[in-house]
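Novice: Quick one: the structure is below, and I'll ask about it shortly.
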Amino acid sequence: MDLVDGTDTISSEDLHRRMVEQLIEDHAGKGLVMRPEVEAALRVVRRHQFTPGVPLEEAYGPYSAVVTKRRGDEAISSVSAPSLIAAMLGQAADALDGIEGRHVLEIGSGGYNAALLRELVGPAGSVTTVDIDPDVTDRASACLTAAGYDDIRVVCTDANQPIDAGRRYDLIIVTVGAWDIPPAWTSQLTDTGVLVVPLRTFGMTRSWALRLHGDRLVSHSQQICGFVAMQGSGAHELRYVDIADGVHLRLDEGEQVDADAIGALLTAPRQQAWTGVSLPPRTVLADLDLWLAACLTAEAGQFVILTAQQEAVDAGTVSPAWRFGTPAVVGDGTICYRSALAWTGDLFDLGACAHGPAAAAAAGRMVAHMRAWADAGEPAPVLHVLPASTPDGDLPAGTVLDKRDRRLVLTFTPAPA
């Protein structure tokens, strides 16, 4: 124990060990096994060396990011949560069948993740970390040098452009939230390279591990996540529209809504519908939300994400499945969203709430889509990323989402070998 002002406190070594054990338990709780090389790297790198001035308990919090720079109230740089870093490193290692000896480009610098990558690639590999903000790269450089990682290359530039002409990487891992995938990222991958990126699709962020297949990327895995937004030429505004006190719609793909009209709908009686299924706690509802995005985008109306303050939930204004982001659809004078779960013992049912003149029909359609997902075996999504110039006839069958540089296609069939 360390002694501070006569009081026993937990040492950094104990906090570090406890953090790693919690991350291993977290993986096990999700039915996963942490890769041994990821565990080994987590045990070597001391996170507090990359969070100077932050209390040790906060530095070793397994589920919390440490904000390192703000613009007003907005966090624009952080040292990501260890749980998220561990999961993304696992995604990368699984997709590549190991990272040792690989050459890695990290986009978004904090220092801690770059040090973990350096441990993973070993003496034969290399790590380059890039950020657009000189304050961030200066800080990352200082922390890396102080921690003994003086062979990691730190570059200050806009990563939407190639870092080094002609150089290619086995792995590009992005630690800022992206709305699109610029051509520079795929052009810098080796022929069998992997891109791990927190990408916003239909207003929802997932960390996608994407393998390069010719001129396109195909996902190997995905998981729910959250990151500070990308800056520079890759930035894209995420809009929120207030529709009632403490209730908002997240608009990320150019949607246009009448906020006053939608807000007025919430004062109308609520229609509730249920699927009648019984699902266990480990059900991956993040996969269901992307299924709903695919299904509802193909129908009339606009797919959006509903968010709410706890006060609005407590007041009964809305009853969303998750107040930080619930699938919703607006159209035909109606708003419908996935509702809070109904538990019976250790199992739950899925439901939908709707308001407006066609509320009953809208809620019925949403629960039909949810029931279809459950009946199909709760399939996980597969993301295909193609150049913006790809003709419709060359797209795989699925739900298309067009970005600036890419055409995304979301499917629920196994990825090609």
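The values are calculated or read from the model by the stated rules, or taken from the named source; none is laboratory data. This structure is a prediction, so every number in the text was calculated from the model and none was measured. In this analysis, Cβ positions are derived from the backbone assuming ideal geometry, glycine residues included, and neighbour counts consider all displayed protein chains. Ligands, DNA and RNA are excluded from the accessible area calculation, which covers all protein heavy atoms including side chains. Shrake-Rupley method; radii C 1.70, N 1.55, O 1.52, S 1.80 Å.
Novice: Among Ala261, His384, Gln310, which residue has its Cα furthest toward the positive end of the charge dipole of the chain, with +1 on Lys/Arg Cβ and -1 on Asp/Glu Cβ?
Specialist: Positive-most Cα among the choices belongs to His384.
Novice: Excluding Val104 itself, what net charge comes from residues whose Cβ is under 13 Å from its Cβ, given Lys and Arg +1 and Asp and Glu -1?
Specialist: 0
Novice: In degrees between 0 and 90, to the nearest 10, how far off the longest principal axis of the chain does helix 285-297 point, with axes built from Cα atoms?
Specialist: It works out to around 50 degrees.
Novice: On the protein heavy atoms, probe 1.4 angstrom, tell me the percent of accessible surface of the chain carried by carbon and sulfur.
Specialist: The value for the chain is 51 percent carbon and sulfur by accessible area.
Novice: If you don't mind, another one. Is region 105-172 best put as rounded, prolate or oblate by its Cα gyration tensor, with a ≥ b ≥ c the root eigenvalues, rounded for a/c under 1.5, and otherwise prolate when a/b is larger than b/c, oblate when not?
Specialist: oblate
Novice: Taking only protein heavy atoms and a 1.4 Å probe, what accessible area per residue, in Å², does the chain have with all protein chains in place?
Specialist: For the chain, the per-residue accessible area is 43 Å².
Novice: I would also like to ask the following. Given points 7 Å out from each Cα along the Cα-Cβ axis, report the Glu13 to Ser233 separation in nanometres with one decimal.
Specialist: 5.0 nm
Novice: What number, in percent, do you get for the relative contact order of the chain if the mean sequence gap of Cα pairs under 8 Å and at least 6 apart is divided by its residue count?
Specialist: 10 percent
Novice: Per the Cauchy relation, a quarter of the hull surface: what is the mean projected area of the convex hull of the alpha carbons in region 240-282, in nm²?
Specialist: Reported value for the Cα convex hull: 5.3 nm².
Novice: To continue, here is another question. If each residue of separation counts as 0.36 nm, what is the full-extension length gain between Arg43 and Asp138 once their alpha-carbon separation is subtracted?
Specialist: Result for the pair: 31.7 nm of gain on full extension.
Novice: On to the next question. Could you state the orientation-averaged shadow area of the convex hull built on the Cα atoms of region 78-130, in nm² to one decimal?
Specialist: Its average projected convex-hull area is 3.2 nm².
Novice: Here's something else I'd like to know. What is the local net charge at Pro281, summed over the other residues whose Cβ is closer than 15 Å to its Cβ (Lys, Arg +1; Asp, Glu -1)?
Specialist: -3
Novice: Quote to one decimal, in nm, the extra length available between Glu57 and Gln256 on full extension: 0.36 nm per residue of separation minus the C-alpha distance between them.
Specialist: 67.2 nm
Novice: Once you charge only the Cβ atoms, +1 for Lys and Arg and -1 for Asp and Glu, what is the size of the charge dipole of region 299-417 about its Cα centre, to the nearest 20 debye?
Specialist: Approximately 220 debye in magnitude.
Novice: Under the Kirkwood approximation applied to all pairs of distinct alpha-carbon atoms, what is the hydrodynamic radius of region 9-141 in Å?
Specialist: Kirkwood hydrodynamic radius for region 9-141: 15.3 Å.
Novice: Between Thr157 and Thr344, what is 0.36 nm times their sequence separation minus the Cα-Cα distance? Round to one decimal in nm.
Specialist: Result for the pair: 62.0 nm of gain on full extension.
Novice: Calculate the FRET efficiency for Thr190 and Ser64 from the Cβ-Cβ distance with a Förster distance of 41 Å, rounded to the nearest 0.05.
Specialist: The value I calculate is 0.75.
Novice: Counting only helical runs of four or more DSSP H residues, what would the 222 nm mean residue ellipticity of the chain come to if each run contributes -39,500 (n - 2.57) and the total is spread over all its residues?
Specialist: -8500 deg cm²/dmol
Novice: Longest segment of the chain with no chymotrypsin sites (Phe, Trp or Tyr not before Pro) in a DSSP loop having at most 15 other Cβ atoms within 10 Å?
Specialist: Result for the longest clean stretch: 64-323.
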